[in-house]
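The values are calculated or read from the model by the stated rules, or taken from the named source; none is laboratory data. Fair warning: this is a prediction, and the values are worked out from it, not measured in the lab. Heads up, the Cβs are rebuilt from the backbone with ideal geometry, glycines too, and the neighbour counts pull from every protein chain shown.
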Amino acid sequence: MTSAATVFAPAKLTVSLHVTGVRADGYHELDAEMVTLSLADELVFDEGAPGADGSAPGLVVDVAPWVRATAVPSGGENLVSRALAAVGRSAKVHLSKRIPPGGGLGGGSADAAAVLRWAGCADPEVAAGLGADVPFCVVGGRARVRGVGEQVTPLPFVPRDYLLLLPPFGIDTAAVYRAFDAGGRGDGGANDLEAAALAVEPRLASWREALGELTGRAPALAGSGSTWFVEGGPEEPGTTADREVRRGNETARLVWARTVPADWDGNPAAV
């Protein structure tokens, strides 16, 4: 007899991001505000179940229609597997992926944080060793994040609605930081990386325009991209935000999400 445990991995949204310096090892220091969203992956852990080959435990991944399956790492490269190794645990994990990789929403980091919560690991060094966004994803809620992501200061929870536009492509974070270092600096707005991200992926500009046209609001970029967001609910009362948006030959996804507190358990009724 085996027992399974379900843990939700909510996305993080970087509401503001300022690059404050570069360390000797090349990592960038930040001062950012991050919040946890109701858009979430779901992980089901089963320590007693065999893997797909009937022996060792493994990772099974299902993806939502708007998630590019080829962009989700498999095997030992997936942050779920790396987090399990970091805490010395073994389990078969069924990952339902709704947060798009390369979207600036911390999907892989959220999954790693879910593993740490499941394993009861609260060691901040373990979290930081898995990725810059993992410490915030472990803490959750709303926080000021500094350093290279390891300094997380919780802030009072503020209920907010956001419309997210998820383009059909992701962006390499490292490439954005290289463009930033090469002169793609921000113009004093909320996100210092926006200009660099647009230089790396010019198609972002078209999707920014699309969300602006839909909502009449000025979109902001989530982290290093590729997600654009505006604060507020659906653009018209009585309409749904969870739908496709076409722009030329490409299709993006429009998603309505709400901020959730640090102790959110994935219950939709709680948001």
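Could you tell me which of the residues ALA143, ALA114 is crowded, with 17+ Cβ neighbours inside 10 Å, of a type in the set (Gly, Ala, Ser), within 17 Å of the chain's Cα centre (by Cα) and part of a helix (DSSP H, G or I)?
Working: ALA143 fails: part of a helix (DSSP H, G or I).
On inspection, the qualifying residue turns out to be ALA114.
Among the residues of region 218-229, is any modelled with pLDDT of 90 or more, more than 28 Å from ALA114 (Cα to Cα), in contact with a strand residue (DSSP E or B) (Cβ under 8 Å, 6 or more places away or on another chain) and not in a strand (DSSP E or B)?
Yes, region 218-229 contains a residue that is modelled with pLDDT of 90 or more, more than 28 Å from ALA114 (Cα to Cα), in contact with a strand residue (DSSP E or B) (Cβ under 8 Å, 6 or more places away or on another chain) and not in a strand (DSSP E or B).
Suppose the filter is over 21 Å from PRO261 (Cβ atoms) and in contact with an Asp or Glu (Cβ under 7 Å, 6 or more places away or on another chain); does GLY147 pass it?
Here the answer is yes, as GLY147 does meet what is asked.
Please indicate, with yes or no, whether at least one residue in region 83-95 is within 17 Å of the chain's Cα centre (by Cα) and within 30 Å of THR20 (Cα to Cα).
Among the residues of region 83-95, at least one is within 17 Å of the chain's Cα centre (by Cα) and within 30 Å of THR20 (Cα to Cα), which makes the answer yes.
Just the residues that are of a type in the set (Val, Ile, Thr), touching a residue at least 60 places away in the same chain (Cβ under 8 Å) and within 23 Å of GLY129 (Cβ to Cβ), please, taken from region 139-158.
Residues satisfying the conditions are VAL139, VAL145, VAL148.
Search region 64-92 for residues being of a type in the set (Lys, Arg) and over 17 Å from VAL134 (Cβ atoms), and hand back the single one that is surrounded by the most Cβ atoms within 10 Å (Cβ to Cβ).
Step by step, filter region 64-92, then rank; the result is LYS92.
For region 93-129, how many residues are in contact with a Gly (Cβ under 6 Å, 6 or more places away or on another chain) and either more than 22 Å from LEU13 (Cα to Cα) or among the polar types (S, T, N, Q) (or both)?
So the answer is 1.
Using the structure shown, decide if THR20 is touching a Leu at 6+ places or on another chain (Cβ under 9 Å), under 24 Å from LEU166 (Cβ atoms) and among the hydroxyl-bearing types (Ser, Thr, Tyr). Working first, answer last.
Working: touching a Leu at 6+ places or on another chain (Cβ under 9 Å): yes; under 24 Å from LEU166 (Cβ atoms): no; among the hydroxyl-bearing types (Ser, Thr, Tyr): yes.
Against the criterion (touching a Leu at 6+ places or on another chain (Cβ under 9 Å), under 24 Å from LEU166 (Cβ atoms) and among the hydroxyl-bearing types (Ser, Thr, Tyr)), THR20 does not qualify.
Pairs under 7 Å by beta carbon, first residue touching a residue at least 40 places away in the same chain (Cβ under 8 Å) in region 83-108, partner buried (at least 24 other Cβ atoms within 10 Å of the Cβ) and of a type in the set (Ser, Thr, Tyr), six or more apart or different chains?
Correct list of pairs: GLY102/SER226; GLY103/SER226; GLY103/THR227; GLY104/THR14; GLY104/SER224; GLY104/SER226; GLY104/THR227; LEU105/THR227.
Criterion first (in contact (Cβ under 8 Å) with a residue 60 or more places away in the chain, surrounded by fewer than 17 Cβ atoms within 10 Å (Cβ to Cβ) and not assigned by TED's automatic domain parsing to the domain that holds VAL22) does GLU209 satisfy it?
Criteria not met by GLU209.
Answer yes if at least one residue in region 75-88 is modelled with pLDDT under 90 and not in a helix (DSSP H, G or I), and no otherwise. Even if it seems obvious, please write down each step before you answer.
Let us first name the residues in region 75-88 that are modelled with pLDDT under 90, namely 75-77.
Next, only the ones that are not in a helix (DSSP H, G or I) stay: none.
No - not one qualifying residue is present in region 75-88.
On the given criteria, is VAL63 farther than 20 Å from GLY141 by Cβ, at pLDDT 95 or above and in contact with a strand residue (DSSP E or B) (Cβ under 6 Å, 6 or more places away or on another chain)?
No: the conditions fail for VAL63.
Has region 238-259 got at least one residue that is among the polar types (S, T, N, Q), in a loop (DSSP other than H, G, I, E, B) and at pLDDT below 85?
Looking for residues that are among the polar types (S, T, N, Q), in a loop (DSSP other than H, G, I, E, B) and at pLDDT below 85, one finds at least one in region 238-259, hence yes.
Among the listed residues ASP161, ASP181, identify the single one that is surrounded by fewer than 20 Cβ atoms within 10 Å (Cβ to Cβ), more than 26 Å from GLU244 (Cβ to Cβ), acidic (Asp, Glu) and in contact (Cβ under 8 Å) with a residue 40 or more places away in the chain.
Result: ASP181 is the single residue among ASP161, ASP181 that is surrounded by fewer than 20 Cβ atoms within 10 Å (Cβ to Cβ), more than 26 Å from GLU244 (Cβ to Cβ), acidic (Asp, Glu) and in contact (Cβ under 8 Å) with a residue 40 or more places away in the chain.
Just need a number here: residues in region 12-27 that are crowded, with 19+ Cβ neighbours inside 10 Å, of a type outside the set (S, T, N, Q) and out of contact with any His (no Cβ under 7 Å at 6 or more places or on another chain).
First, the residues of region 12-27 that are crowded, with 19+ Cβ neighbours inside 10 Å: 12-15, 17, 19.
Subset that is of a type outside the set (S, T, N, Q): 12-13, 15, 17, 19.
Next cut, out of contact with any His (no Cβ under 7 Å at 6 or more places or on another chain) only: 12-13, 15, 17.
Of the residues in region 12-27, 4 are crowded, with 19+ Cβ neighbours inside 10 Å, of a type outside the set (S, T, N, Q) and out of contact with any His (no Cβ under 7 Å at 6 or more places or on another chain).
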